[in-house]
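Please treat every number below as a calculation from the coordinates, not as lab data. All values derive from a computational prediction rather than experimental measurement. Counting neighbours? That spans all protein chains shown, and the Cβs are built from the backbone with ideal geometry, glycine included.
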Amino acid sequence: MQEKVKIPWFYCDIERILYVMKLEHCINFTLTKAQQAVQQLFKAELAPFGITPGQYAILSCLWDEDGQTPRQLADRLSLDSSSITGILDRVEHKDLIKRQPCPGDRRALHVVLTPKGWELEQSVNQAIIQANKKALAEFESQDADNFRRFLHQLNQGE
C-alpha cells in the first residue's frame, strides 16, 4: 500500500504540486541515495579481498552455478553485454575466473571459477553477511523483512 504524502491543508493547488515534487519526496532520489550508501558499505567490506560489489555479483553467480555463459550472467544480473564483458575482464585479470570455449560450440564461451576464485567463497560470503547486517542495523527484525519484501516487489516490475 502506498503511503500518502501529508500536505498541509492550507496549501493551494500549485503549492501542493510543488510540495510533492520536492526531491526528498521523489522515490527515485530516495532509493538512489540509499543505494549509494549501501554500495559504499559493501565496497568497504569487499575491499580486503580486492573485489568490487559488481565483481562479487559475478563470483556469487558462479559459486551458485559454475560454467555459465556471459549471456546467462548478464541476464541474471540485469546487465548489458558491454557491462558484463568489462566486469568479466577485470575478474579474469585477477585470476578468479577463466573464459573457456564451450565443448559443443567453439564460438560460445563458458565462465568458470579458478581455484583462486573458489578459495574466496567462504570469506567473501562472510563479509557480505556482515555488510547486510550493517546495512539493516537500524531496522527492527520485522521492518528489515518488510524492507526486503518491498524491494523484491519493486524489482519484480522490471
Can you give me the number of residues within the range 20-45 that are hydrophobic (A, V, I, L, M, F, W, C), over 23 Å from N132 (Cβ atoms) and either touching a strand residue (DSSP E or B) at 6+ places or on another chain (Cβ under 6 Å) or assigned to a helix (DSSP H, G or I) (or both)?
-> 3
Restricting the range 92-149 to residues that are among the small types (G, A, S) and loosely packed, with under 14 Cβ neighbours inside 10 Å, the one nearest to E45 (Cα to Cα) turns out to be S123
When restricted to L73, L88, L62, the only residue under 27 Å from G104 (Cβ atoms), touching a strand residue (DSSP E or B) at 6+ places or on another chain (Cβ under 6 Å) and among the aliphatic types (A, V, I, L, M) is L62
Enumerate the pairs (first residue in the range 28-48 and more than 20 Å from V124 (Cβ to Cβ); second residue anywhere and among the aliphatic types (A, V, I, L, M)) with beta-carbon separation below 6 Å, excluding pairs fewer than 6 apart on the same chain, so at least 6 apart or on different chains.
-> F29/L23
If R71 passes every condition in (1) part of a helix (DSSP H, G or I); (2) surrounded by 15 or more Cβ atoms within 10 Å (Cβ to Cβ); (3) without any contact (Cβ under 8 Å) to a residue 24 or more places away in the chain but one, which one does it miss?
-> (2)
Yes/no for L136 being in contact with a Lys or Arg (Cβ under 9 Å, 6 or more places away or on another chain), within 25 Å of N28 (Cβ to Cβ) and touching a residue at least 60 places away in the same chain (Cβ under 8 Å) = no
